[in-house]
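The block underneath contains the structure these notes are about, expressed in structure tokens.
The values are calculated or read from the model by the stated rules, or taken from the named source; none is laboratory data. Because the structure is a prediction, the values reported are computed rather than measured. We place every Cβ from the backbone using ideal geometry, glycine too, and count neighbours over all the protein chains shown. We work out accessible area using only protein heavy atoms, side chains counted, and drop any ligands, DNA or RNA first. Shrake-Rupley method; radii C 1.70, N 1.55, O 1.52, S 1.80 Å.
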Amino acid sequence: MSNVLALVEMSHRGEIAGSTRGLLAAAAKLGTPVAVVATATALTDDDVARLGGLGAAQIYAAVTAAAGAVLVIPALEALSEAVRALQPSAVVLANSVDGREVAARLAVRTGGGLLADAVDVRADAGKVVALHSVFGGAYTVESAVDVGLPIITLRSGAIDDHAPAATPEVSAVSLTVEQGNAAVIDGFNDEAAILARPELRGAATVVSGGRGLGSAQNFVLVEQLADALGAAVGASRAAVDAGFIGHTAQVGQTGASVSPHLYIALGISGAIQHRAGMQTAKTIVAINKDGDAPIFDVADFGIVGDVFTVVPKLIDALNARTS
Amino acid sequence: MKIVVLVKQVPDTAEERKLDLTTGLLDRDAGDSVVDEINERALEVALRVKDANKSTEVVVMTMGPDGATQALRKALSMGADSGVHILDDSLAGADTKRTAAALAAGLKVTGFDIVLAGNESTDGRGGVVPAMVAEHLALPLLGSLVSAEITEGAVRGVRQGEGGTLNVHAALPAIVTVTESSAEARFPNFKGILTAKRKPVTTLSVADLGSADLGSAELGGAGLTGFGPGADARVGSTVIVSTTERTARAAGRKIVDDGTAATELAEFLVANRLV
């Protein structure tokens, strides 16, 4: 089988990114998964074991002092070198802030074709086909690359699979990176508290609140239900614009697109802008006091009622069940 | 200082957006086309530089069909000085790579100290074109900034990363993209709307972009003969294999709360193994 490269992102603290499992699973569908990583210091045995556990048959580990000092270019150079050395049939990257910049530059550099924001991949008669969920899931589009190396960015949380564990062979290379056209990193500001809640993108359950919550104080209700369900917290644009919660929680056409098993919309009317970010959820529950709210058109279970009455009772019922 | 802001005309996210199921391309007649909101934020960053220093020149550039001029006029009414419209039938349906190559060529014609763009469009959501442009021009990209400070010769900003933010900087010339968290865009005022009509908009065809930078090899692979009449029908190195419309979601059970709805919902969640 041909090599398929997966760019593994590592934080400046040396943590392997959460996207890695899905990337290696996608790579395994298309060929032999090879993890490519650029770091300032050599990978630890734990890193190697972890990547093997996620399915990497081989690790192409580039060590460069530029990693963590400049944006994106170290990973780009590592991937370019790996493409030269390993002649892959495809490259997969996370559709993350870094991943897509690397993918874009690699496509220009290698003459490859870029298939962006894929939700799945498959091999079809030797050709790599990417699936895209377009306009908030209203359309499914399949794309391929007719000339050149297929380079694919994968939407966060889109792939549930896990590649079979492997014992990776490690190729360590040292890389000199020309930093001339790179942006310089002056410092990292880690998010103050890493919340116990799951990340919005990729969460199995999402509880979102809208304008109907009325205030930032009342928005706590959304968080309480989320915690009772072990869910991520989301919000409609109206709630974000009103300052109930930060922009990173926004679900919709602008903001995150989510496809959880369960999506609960509290006090959200369901404007088309919002539906575009959540209508591919497997089950949708909506609670809204306006019985004509468009959210009910897509809800599997809808309650016309007051969130401040229904949600506390629901939390009690859920807690009673678990205790 | 000369700032070029890249803008894209997209279908209005407040309406139903449609793809043509045979070509897989956007159905432009299905709804209204507007300037993508994220581009207005990028323009706002540029206009604030101009507010502080009147000698700043702000140019807005787009690639798109005839009607995309409206997007440029909107940007001009907000305060940009002039527009550049890359317009050529051979570019219809261009993929991200070809779009980036054309924009990069356009930027070389126009000249700039800094290029500002949105981090991702609301239609394609690829978020890759600015990085491709940066690679074509061998320039640094400060992508996904939540705030940007542009001074003579340099740009610094805060980049939204995966687990936090990063402080970053680059010397000019550079490419910058901004996120939804960056400056809220201004509304055009009456004077802006009146003067927008008189501001210059230059149209660049593929021929105007210069063949040196738009060779077929660079632009989408061996299957292409290049731009202009007679170009291969395949417009990039990527192809659309199929386009299918998702069946609309049907509404399920809807109950009016009579005091027992929470219990019924809990039962529904349990029965469907959702908790």
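Within segment A:241-252, none of the residues are open to solvent by 40 Å² or more (accessible area, probe 1.4 Å), more than 9 Å from every other protein chain (Cβ to nearest Cβ), small (Gly, Ala, Ser) and touching an Asp or Glu at 6+ places or on another chain (Cβ under 8 Å). Annotation: of all residues in segment B:26-82 being touching a residue at least 60 places away in the same chain (Cβ under 8 Å) and not in a helix (DSSP H, G or I), the one that is surrounded by the most Cβ atoms within 10 Å (Cβ to Cβ) is B:ALA80.
Across segment A:103-129, the qualifying residues are those that are farther than 29 Å from A:ILE73 by Cβ and away from chain B (no Cβ under 11 Å), and the one among them that is most open to solvent (accessible area, probe 1.4 Å) is A:ALA125.
Taking first residues from segment A:293-307 that are more than 7 Å from chain B (Cβ to nearest Cβ) and partners that are surrounded by 21 or more Cβ atoms within 10 Å (Cβ to Cβ) and in a helix (DSSP H, G or I), the Cβ contacts under 8 Å between residues at least 6 apart in sequence or on separate chains come to A:PRO294/A:ARG275; A:ILE295/A:HIS274; A:ILE295/A:ARG275; A:VAL307/A:GLY212; A:VAL307/A:LEU213. When the residues of segment A:281-323 are filtered to those that are surrounded by fewer than 21 Cβ atoms within 10 Å (Cβ to Cβ) and polar (S, T, N, Q), the one that is nearest to A:HIS261 (Cα to Cα) is A:THR283. Summed over segment B:131-157, residues that are more than 8 Å from chain A (Cβ to nearest Cβ) and either touching a residue at least 12 places away in the same chain (Cβ under 8 Å) or small (Gly, Ala, Ser) (or both) total 12.
Residues in segment B:241-275 that are at the interface with another protein chain (Cβ under 7 Å from one of its Cβ atoms) and assigned to a loop (DSSP other than H, G, I, E, B): 8 in all. Would a scan of segment A:147-164 turn up a residue that is loosely packed, with under 15 Cβ neighbours inside 10 Å, over 20 Å from the mean Cα position of the chain (by Cα), assigned to a loop (DSSP other than H, G, I, E, B) and more than 7 Å from every other protein chain (Cβ to nearest Cβ)? For segment A:147-164, residues loosely packed, with under 15 Cβ neighbours inside 10 Å, over 20 Å from the mean Cα position of the chain (by Cα), assigned to a loop (DSSP other than H, G, I, E, B) and more than 7 Å from every other protein chain (Cβ to nearest Cβ): present. Selection of segment A:27-57 for residues being surrounded by fewer than 21 Cβ atoms within 10 Å (Cβ to Cβ) and within 25 Å of A:MET1 (Cα to Cα) yields A:LYS29, A:GLY31, A:THR32, A:VAL48, A:ALA49, A:ARG50, A:GLY52, A:GLY53. Of the strands (runs of 3 or more DSSP E) entirely within segment A:19-106, none holds at least 1 residues that are free of Cβ contacts under 8 Å to residues at least 24 places away in the same chain and hydrophobic (A, V, I, L, M, F, W, C).
Evaluate the following for A:SER143: is it of a type outside the set (A, V, I, L, M), open to solvent by less than 20 Å² (accessible area, probe 1.4 Å) and either over 24 Å from the mean Cα position of the chain (by Cα) or not assigned by TED's automatic domain parsing to the domain that holds A:GLY255 (or both)? Quick ask: steps written out before the conclusion?
Details: of a type outside the set (A, V, I, L, M): yes; open to solvent by less than 20 Å² (accessible area, probe 1.4 Å): yes; either over 24 Å from the mean Cα position of the chain (by Cα) or not assigned by TED's automatic domain parsing to the domain that holds A:GLY255 (or both): yes.
Taking the combined requirement at face value, the residue satisfies it.
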